[in-house]
Each structure stands twice: as structure tokens, then as C-alpha cells.
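Have a look at the structure below before the remarks.
The values are calculated or read from the model by the stated rules, or taken from the named source; none is laboratory data. Computed from a prediction, not measured in an experiment: that's the story for all the values here. Methodologically, a virtual Cβ is constructed for each residue, glycine included, from the backbone with ideal geometry; neighbour enumeration extends over all protein chains shown.
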Amino acid sequence: MKTINSKIKESSAQNTQNNEDNCPICGQKLRREAIICGIKYSIRVMCKCEEHQQEVERQRREDLEKMRRIEKLKFLSLLGERYKFVTFENSKIGINPSFDIAFRRCKKYCEIYEKTVKKGYGIYLFGDKGVGKTHITACMANYLLSRCVPVLFTNLFEISKAVKSTFNRESSETEQILIEKFSNIDILFFDDLGTEIFTKSSGETWLQGLLFDLINKRYNNQKATIFSSNYSLNSLINERGIMEKTVDRISEMTNGAVMKITGSSLRNMSKNSIF
Ligand SMILES: Nc1ncnc2c1ncn2[C@@H]1O[C@H](COP(=O)(O)OP(=O)(O)O)[C@@H](O)[C@H]1O
Ligand SMILES: [Mg+2]
Ligand SMILES: [Zn+2]
């Protein structure tokens, strides 16, 4: 069967040969007369099927452009390989009720992202290792990325590594530019908060300062931050040594959306034996 495109090509060839004024497919006139400064011109106009074809082409280019943009955003998001393809659709539910509750709320948050992200609402997900915290936040990140929302998916270790690399004179980015980038992105996924234990040593004071600075900037800018942690907010202070003022900000940023996932680790659930 001939495509519209090939029919159009054929028909324009015929038109040139036969000097026909009508489209052989839709019958619409392909020439219109116009008088400009007293001179009569015959202008080639598009018929319905050519317009349709042009629209199909435009849509195809737009889809391609969107796919390229999503790929680029995915690359920039720093989302780890393991979590690049997890989605709300391909996740298993119905095994752990507390996982399911958090999963549904996080999905809802994404479905209305134009309100939640814009208003800077955050989420604090905590629970033992392997219960699916990173998995849920990765589903969120992938959902938003597929809608071209720029996200950053990272943790304190990676942030501090990136900031420290700016101390190197060869780096093109300054420390402040990088901190601004982390502070201003519309949605930041902060994975595994509390992994680092803080005492009063000097190196950690710098990291405490960096953490506070970042959280405080996002708090002031009303930017949405999604945290995952093995620790409750209180334990961040009492067991992990994070400054109270930092945790106070986090608590306010995630007010009403602090969710605990209980249950046992799913770490082996996703592994299918290949031998
Ligand atoms: N609902 C789910 N469906 C499929 N795989 C899951 C689900 N929840 C977790 N997993 C997988 O189980 C493993 C552990 O989950 P993860 O989110 O990394 O745990 P946590 O961040 O709480 O330590 C990961 O490989 C993850 O992809
Ligand atoms: Mg995790
Ligand atoms: Zn036509």
C-alpha cells in the first residue's frame, strides 16, 4: 500500500507534468491567485493531506527531540544503572503493606507533580536496608524524567566529592556554582541520608557545614527534596550526629510526608538465577 507521503510525491510529479491545479488525493486546489503591486501571481498552496503530512512530520521531530532531551536529563540525573529502568508500572506491590502505602503516596505525588514539585513539597522515606526506599524514589525520578522534569539523584558522599573536586584549580566549576546547582534544581533526590556518622572532627565539620548550607538553601528557595534514609529524623540527630538545625529544616520540608517502611529486605527478590 502506498503511503500518503509517496502519493504526495507522485502527485506533485504529476502536477508538474500535467500542470494540474488540484490534488489528486483530496481534490483541493493547489494554486491560488494573488495580486501583489498590480502583478498577478499564481501561488502554490498546501492541501489538507499535505498539511496533515507536515503535522505528522512535526510531531515525529518533536517526539524525537523529547526522547533526546529525556536521555540527556537521565544522563545528567546521576541515577545509578540499577535504578534507571524501574518504574511504578514494573514494580512489585502487594507483598509489604507499609511499602505499598509509601509507594502509592509517592506515585500520587508524581501524578500531581506540577503542584507538589512547584510548591517545594518534600518526602522523607525511612526504614531498614533493602525495604525498597531507593527503589520508590527511583520510580519517582524516572516518572518525572519521562515528563522532562530535570532531576538530580545523589547523596551526600557524591555531593561532597563533586564539591571537593572544584578545589582543584583545573576544575571549570567553582564551589559556589556547584552548590547553587544542587540548591536550585527543582527536585533533588537525596539518597541514604545519615550514612555518614558525624563526630566533632574538623573534616566532618566541613561536611556538616556543606549539608546545612545545601539543605538551608533548598529550604529557603522552597525546592522539593526527596530523602531516603535508614534512620528516623530523631536518629539523624541522636545516632548520626547531624546538627539539629539541619534536621529541623528537613522536618519542615517534608512535613506531613514522613513515611516509614517496615518489613524485611527485598534485596534478593529482584534477582533471578541465570543458571
Ligand atoms: N517493589 C519492588 N519491585 C521490584 N523490585 C524491588 C521493589 N522494591 C525493591 N526492589 C528491589 O530490591 C532491592 C532493594 O531495594 P532498595 O530500594 O535498594 O532498598 P533500600 O533503598 O531500602 O535499601 C533493589 O534491587 C530494588 O530494585
Ligand atoms: Mg537505598
Ligand atoms: Zn491533498
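Data overview
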item	result
Residues located in region 197-227, provided they are closer than 12 Å to L156 by Cβ and touching a Gly at 6+ places or on another chain (Cβ under 9 Å)	I197, F198, E204, Q208, F227
Hits in region 93-120 (condition: under 16 Å from T137 (Cβ atoms) and among the basic types (K, R))	R104, R105, K107, K108
Of all residues in region 13-53 being under 49 Å from the mean Cα position of the chain (by Cα) and of a type in the set (A, V, I, L, M), the one that is modelled with the lowest pLDDT	A13
Segments classed as helices (runs of 4 or more DSSP H), wholly inside region 152-251, with at least 3 members that are within 16 Å of ligand 1 (Cβ to nearest atom)	156-165
Filter pass, I101 being exposed (fewer than 14 other Cβ atoms within 10 Å of the Cβ), under 18 Å from S232 (Cα atoms) and either away from ligand 2 (no atom under 16 Å from the Cβ) or not assigned by TED's automatic domain parsing to the domain that holds R218 (or both)	yes
Exclusive hit being away from ligand 3 (no atom under 16 Å from the Cβ), in contact (Cβ under 8 Å) with a residue 60 or more places away in the chain and surrounded by 13 or more Cβ atoms within 10 Å (Cβ to Cβ), set A162, A141	A141
